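The values are calculated or read from the model by the stated rules, or taken from the named source; none is laboratory data. None of these values were measured; they are calculated from a predicted model. Neighbour counts run over all protein chains shown; Cβ positions are idealised from the backbone, glycine included.
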Amino acid sequence: MTGKVIKYERDNIDTDVILPGQYLKLHDYDEIAKHAMEGIDPTFHSKVKPGDYIVAGKNFGCGSSREHAPIALSHCGIKGVLAISFARIFYRNAVDGAFLLPIEIDEQTYKKISDGDQIEVDTQKNQIKNITKNETYAIKPFSEIVAKIIEAGGLFKYKP
């Protein structure tokens, strides 16, 4: 899975920034996507191409439990979020709904990846190849159950 990086050098990007509250009444996913990350980057929607990745610091997706946050990101083209850590509710909403991949990286990897880098994520090998810099980084493997849910296409399609 290859895409461009959109990097936010900050921690605690919360769900109200990912999708501001006034858009929670929308039901059309394409319309919701137009407002993704609007709380910190009003031009975000126009920057994203299908398959791109967000890179951020610690505690990505904190705040409320709204599943609108991963929906907004995925429907505007984001394939995954690479972060040092995630709020657990965002992480599970992303996985369970099969919206996007929440990929945990270490602090060194976070520092090495730059805005605009082309990366290739391989969840089978648990690594990221930075095509721009010709470097490879490790990612935290998904737990067995999370990997099975992702492979199934979300929790509703998962058959234990």
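Among the residues of the range 125-159, those identified as touching a residue at least 12 places away in the same chain (Cβ under 8 Å) and assigned to a loop (DSSP other than H, G, I, E, B) are Asn126, Ile131, Thr132, Lys133, Ile139, Lys140, Pro141, Phe142, Gly153, Gly154. The test for being modelled with pLDDT of 95 or more, more than 20 Å from Pro141 (Cβ to Cβ) and surrounded by 19 or more Cβ atoms within 10 Å (Cβ to Cβ) does not hold for Val95. In a residue-by-residue description of the range 45-56, the property of being out of contact with any His (no Cβ under 7 Å at 6 or more places or on another chain), surrounded by fewer than 16 Cβ atoms within 10 Å (Cβ to Cβ) and of a type in the set (Val, Ile, Thr) applies to no position. For the range 64-79, the criterion of being modelled with pLDDT of 95 or more, more than 22 Å from Gly21 (Cα to Cα) and not polar (S, T, N, Q) is met by at least one residue. Of the numbered criteria (1) touching a residue at least 24 places away in the same chain (Cβ under 8 Å); (2) over 20 Å from Ile32 (Cα atoms), the one Ile78 fails is (2).
Criterion applied to Ile89, Ile71, Ile40, Ile103 was being in contact with a strand residue (DSSP E or B) (Cβ under 6 Å, 6 or more places away or on another chain) and either in a loop (DSSP other than H, G, I, E, B) or closer than 22 Å to Leu155 by Cα (or both), and the one residue passing it is Ile103. Taking the range 59-68 as the range and being part of a strand (DSSP E or B) and buried (at least 23 other Cβ atoms within 10 Å of the Cβ) as the test, only Phe60 passes.
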